Amino acid sequence: MTDLTGKTCLITAAAQGIGAASALAFVKAGAKVIATDINADKLSELDGIAGIETRVLDVLNENAIAALAAETGGVDILFNCAGVVHGGSVLEMKEGDLDFAFDLNVKAMVRMIRAFLPGMIERGDGSIINMSSVASSIKGVPNRFAYSTTKAAVIGMTKAIAADYVTKGIRCNAIAPGTVDSPSLQERLKATGDYEKARTDFIARQPIGRIGTPEEIAELAVYLAGATYTTGQAHIIDGAWAC
Ligand code: NAD
């Protein structure tokens, strides 16, 4: 089991879903966790858990990120988990969807990395984990144009950072999940108007016969934080959707 005792891990979008499960998994692995999210109410549910500190953070806000980096004095592990899913093909997506998806799914990670990477380089050690998706450069998925375009950019960014900083003790990996049961997935299923059919269809995408859990993705994040011989890779965890 990965032992992260003595390490500090900052997680974005930690109030629910994969981010929240990761906050708990990192603490279980011995890390001190700074759990951040834009949703103060939901985030406060993590308050009082030993090993977790919460901070409200909007990853679209560069000044807020800089202030948090100054306050924390640096972290060993950065898990960029925040992201948004827009539906629609290239012709169907709404005006502004692609710009917003780039801002939240890609540029927010860049902002976080620019704020926290210098401290990691100074210490000669750091692990950055970026949340991508199988819907990206890995697999063409219908109705996910803006999402897949930006999640593919996450993989490119991850490889570029890995290549630039591998000799400085920094590792940078991406996680590419398939379908994972989270509050936003539940909203997407409800938004179809036929929850049961949508759920059946989403389950059928995975040859393994089910949707993944946030805890399963969190386990991979913990593993990557401590896996000292892997960098620059998109680690697929998808119940064989993309195989
Ligand atoms: P979710 O979508 O249910 O929750 C997202 C969280 O992000 C919320 O707590 C929300 O408050 C927070 N957030 C939104 N905007 C923010 C901002 N500007 N600053 C900070 N936080 C903000 O969680 P999820 O479904 O577990 O998704 C987490 C990540 O995993 C996303 O990047 C998503 O694209 C990715 N992912 C999810 C799935 C899936 O099926 N659920 C599959 C592949 C990848």
(Q) Quick check on this structure: which one of LYS151, LYS139 is within 16 Å of the ligand (Cβ to nearest atom), surrounded by fewer than 20 Cβ atoms within 10 Å (Cβ to Cβ) and not hydrophobic (A, V, I, L, M, F, W, C)? (A) LYS139
Q) Could you count how many residues in the range 43-55 are surrounded by 15 or more Cβ atoms within 10 Å (Cβ to Cβ) and either among the polar types (S, T, N, Q) or closer than 15 Å to GLN16 by Cβ (or both)? A) 4
**Q.** Evaluation of MET157 against (1) surrounded by fewer than 23 Cβ atoms within 10 Å (Cβ to Cβ); (2) outside any helix (DSSP H, G or I) (one fails), failing number
**A.** (2)
Q. Got a sec? Which of ALA174, ALA101, ALA146, ALA115 is in contact with a Phe, Trp or Tyr (Cβ under 7 Å, 6 or more places away or on another chain), of a type in the set (Gly, Ala, Ser), farther than 19 Å from ARG205 by Cα and buried (at least 19 other Cβ atoms within 10 Å of the Cβ)?
A. ALA101
**Q.** Qualifying residue in the range 173-193 (condition: of a type in the set (D, E, K, R), in a loop (DSSP other than H, G, I, E, B) and closer than 25 Å to PHE79 by Cα)
**A.** yes
Q) From the list TYR165, TYR223, TYR229, TYR195, which one is within 27 Å of LEU98 (Cα to Cα), of a type in the set (Phe, Trp, Tyr) and more than 10 Å from the ligand (Cβ to nearest atom)? A) TYR195
Q. Within the bounds of the range 84-101, is there any residue that is of a type in the set (Lys, Arg) and within 14 Å of the chain's Cα centre (by Cα)?
A. no
Q) Name the pairs whose Cβ atoms lie under 8 Å apart, with the first residue in the range 73-95 and surrounded by fewer than 23 Cβ atoms within 10 Å (Cβ to Cβ), the second polar (S, T, N, Q) and not in a loop (DSSP other than H, G, I, E, B), and 6 or more positions between them or separate chains? A) GLY74/THR8; ASP76/THR8; ASP76/SER127; VAL84/ASN105; VAL85/SER184
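Here is a yes/no grid of residues against (1) under 13 Å from the mean Cα position of the chain (by Cα); (2) closer than 26 Å to PHE26 by Cα; (3) not β-branched (Val, Ile, Thr):
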| residue | (1), (2), (3) |
| --- | --- |
| ILE203 | no, no, no |
| PRO207 | no, no, yes |
| THR213 | no, yes, no |
| LEU220 | yes, yes, yes |
| TYR223 | no, yes, yes |
| GLY226 | no, yes, yes |
| THR230 | no, yes, no |
| HIS235 | yes, yes, yes |
Q: Pull up the range 207-220, narrow it to residues that are of a type in the set (Gly, Ala, Ser) and surrounded by 15 or more Cβ atoms within 10 Å (Cβ to Cβ), then point me to the one that is farthest from the ligand (Cβ to nearest atom).
A: ALA218
Q.
Here is a check on your reading of the model: is ALA64 surrounded by fewer than 21 Cβ atoms within 10 Å (Cβ to Cβ), without any contact (Cβ under 8 Å) to a residue 40 or more places away in the chain and under 25 Å from TYR147 (Cβ atoms)?
A. yes
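Since every read-out is calculated from the coordinates, none of them should be taken as a lab result. All figures in this text were calculated on a predicted structure; none of them were measured in a lab. Don't worry about glycine lacking a Cβ; one is built from the backbone with ideal geometry, like all the others, and counts go over all protein chains shown.
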